[in-house]
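S.K.: Can you keep this structure in mind? I'll have questions shortly.
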Amino acid sequence: MTKGHKPRRGSMGVYPRKRARSIVARVRNWVKVDEPKLLGFAGYKVGMLHVIRIEDNPNSPWYGQEIAKAATVVETPPLLVVGLRAYKSTVYGLKSLTEVWIDDLPKDLRRVFTVPKNKVMKNQLKKLEKLKPEISEVRAIVAMQPRLAGIHKKKPEVFEIGIGGSVEDALNYAISKLGKTITIDEIFKEGDYIDVIAVTKGKGYQGPVKRFGVKILPRWHKHRKGHRRIGTVGPQKPSIMFRTPWAGQTGFHQRTEYNKRILKIGNLMPEPQGNEKKEDVEKRIERDNINPPGGWPHYGLVKSMYVLIEGSIPGAIKRLIKLRFPVRPIEAKREEPQLIYVSTREWGV
């Protein structure tokens, strides 16, 4: 008779399971690219739907056939570049050298913080030229524009995004974009693989069955003190092991999902793009319209640009989702996604 083996329940790779410090996720690593542009973007999670597309994976048994896939909609209004920050490399990591902020900040940004007067553009650009030899990395300070989205929110999130290219090119790019907006189609394109970083749904204080998936003990006999609990906490000397699946905080953890594929980038903004005619704008909006009748549950209407990501992503509806270039890129190249049908109703309808 073979010896039975059952692996432990619950991953140890994500300890400690405590609440995230902020509802806005942090990006610890930016993937360097040769082109001077932002290395990521951000948007608000809208909801999920399903699409029917052509399978383009040559290793799939359904290659070339129509398949149904779940997808997530993330509304990505244009980012406003409100400043830049220059860093120098030290033995203790990156150290901030100086900042440059635009002169006239939007009124909504005053809900977040007040910029010191000595940090505005006209005063700091001269200082930036003197410190240029010491700069090792440049990042853009961007602000979300929730008023352009259907999220019904006023206070914008402000955070940093890395810039690709050499230090000289990144610095020139950041200066040229100060006070301007950047759209997601300038950073990513359909078919790209991205990493999604967000804070997961919070589920509060939960027991070990829901938190770790431990086995429920026999209910009617032999377990006087409960059946939805662990059988033993292990040895008490020298101490109880931290691996013991106790009850505790579940959810509201920062998580990263790698290599999520962009299926579509849509634009519902009514302004004409370039020399586009009014009739063409209406056709484009009708083609890219992804709003179900009555709007998205708990969100509303998507009013600006959006991105359709294959599969599910972490986070609750309306939560800020950060997107970046993949740190574990897939070498196999795929064709551009071919969508046959995009459903704005419940799965299976």
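S.K.: Can you name the condition, by its number, that PRO146 falls short on among (1) in contact with a strand residue (DSSP E or B) (Cβ under 6 Å, 6 or more places away or on another chain); (2) within 27 Å of VAL302 (Cα to Cα)?
M.R.: (1)
Residue by residue, here is whether (1) assigned to a loop (DSSP other than H, G, I, E, B); (2) modelled with pLDDT of 90 or more; (3) in contact with a Phe, Trp or Tyr (Cβ under 9 Å, 6 or more places away or on another chain); (4) loosely packed, with under 12 Cβ neighbours inside 10 Å holds:
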{"position": "PRO61", "(1), (2), (3), (4)": "yes, yes, no, yes"}
{"position": "GLY83", "(1), (2), (3), (4)": "no, yes, yes, no"}
{"position": "PHE113", "(1), (2), (3), (4)": "yes, no, no, yes"}
{"position": "LYS122", "(1), (2), (3), (4)": "no, no, no, yes"}
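S.K.: Of all residues in the range 48-105, count the ones that are of a type in the set (Asp, Glu) and closer than 30 Å to ARG147 by Cα.
M.R.: Number satisfying all stated conditions: 4.
S.K.: Would it be correct to say that GLY294 is in a loop (DSSP other than H, G, I, E, B) and over 23 Å from GLN145 (Cβ atoms)?
M.R.: For GLY294, the condition - in a loop (DSSP other than H, G, I, E, B) and over 23 Å from GLN145 (Cβ atoms) - is met.
S.K.: Follow-up question, since we're still on this one. Do we find a residue being modelled with pLDDT of 90 or more, part of a helix (DSSP H, G or I), in contact with a Gly (Cβ under 8 Å, 6 or more places away or on another chain) and under 30 Å from LEU308 (Cα atoms) anywhere in the range 176-193?
M.R.: Taking every residue of the range 176-193 in turn, at least one turns out to be modelled with pLDDT of 90 or more, part of a helix (DSSP H, G or I), in contact with a Gly (Cβ under 8 Å, 6 or more places away or on another chain) and under 30 Å from LEU308 (Cα atoms).
S.K.: Within the range 138-154, how many residues turn out to be of a type in the set (D, E, K, R) and at pLDDT 95 or above?
M.R.: From the range 138-154, those of a type in the set (D, E, K, R) are 139, 147, 153-154; that's our starting set.
With at pLDDT 95 or above added as a condition, the list becomes 139.
Here the count works out to 1.
S.K.: Another one. For the range 194-206, enumerate the residues that are surrounded by 18 or more Cβ atoms within 10 Å (Cβ to Cβ) and outside any strand (DSSP E or B).
M.R.: The one that is surrounded by 18 or more Cβ atoms within 10 Å (Cβ to Cβ) and outside any strand (DSSP E or B): THR200.
S.K.: Go over the candidates LEU217, LEU171 one by one and state the one that is on the phi < 0 side of the Ramachandran plot, outside any loop (DSSP other than H, G, I, E, B) and either modelled with pLDDT under 95 or not assigned by TED's automatic domain parsing to the domain that holds LEU105 (or both).
M.R.: LEU171
S.K.: It is to be established whether one or more residues within the range 134-141 are polar (S, T, N, Q), not assigned by TED's automatic domain parsing to the domain that holds GLY231 and not in a helix (DSSP H, G or I).
M.R.: yes
S.K.: Right, ARG28: free of Cβ contacts under 8 Å to residues at least 60 places away in the same chain and either in a loop (DSSP other than H, G, I, E, B) or in the same structural domain as HIS152 (by TED's automatic domain parsing) (or both) or not?
M.R.: Yes, satisfied.
S.K.: Please indicate, with yes or no, whether at least one residue in the range 120-138 is in contact with a Pro (Cβ under 6 Å, 6 or more places away or on another chain) and either without any contact (Cβ under 8 Å) to a residue 60 or more places away in the chain or farther than 26 Å from ASP185 by Cα (or both).
M.R.: Within the range 120-138, not a single residue is in contact with a Pro (Cβ under 6 Å, 6 or more places away or on another chain) and either without any contact (Cβ under 8 Å) to a residue 60 or more places away in the chain or farther than 26 Å from ASP185 by Cα (or both).
S.K.: For the range 155-164, what are the residues that are surrounded by 17 or more Cβ atoms within 10 Å (Cβ to Cβ) and either part of a loop (DSSP other than H, G, I, E, B) or modelled with pLDDT under 85 (or both)?
M.R.: PRO156, GLU157, GLY164
S.K.: Next up: With VAL281, VAL209 as the choices, which residue is farther than 30 Å from GLU75 by Cβ and not in a strand (DSSP E or B)? Spell out the reasoning first.
M.R.: On the way: VAL281 fails: farther than 30 Å from GLU75 by Cβ.
Criteria check complete, one pass: VAL209.
S.K.: With respect to VAL91, is the statement that it is of a type in the set (Val, Ile, Thr) and free of Cβ contacts under 8 Å to residues at least 60 places away in the same chain true?
M.R.: yes
S.K.: Within the range 85-103, can you find the residues that are surrounded by fewer than 11 Cβ atoms within 10 Å (Cβ to Cβ) and either within 25 Å of the chain's Cα centre (by Cα) or part of a loop (DSSP other than H, G, I, E, B) (or both)?
M.R.: Selection gives VAL91, TYR92, GLY93, SER96.
The values are calculated or read from the model by the stated rules, or taken from the named source; none is laboratory data. In this text the structure is predicted, and so the values were computed from the model without any measurement. Cβ sites come from the backbone with ideal geometry, for glycine too, and all protein chains shown count toward neighbours.
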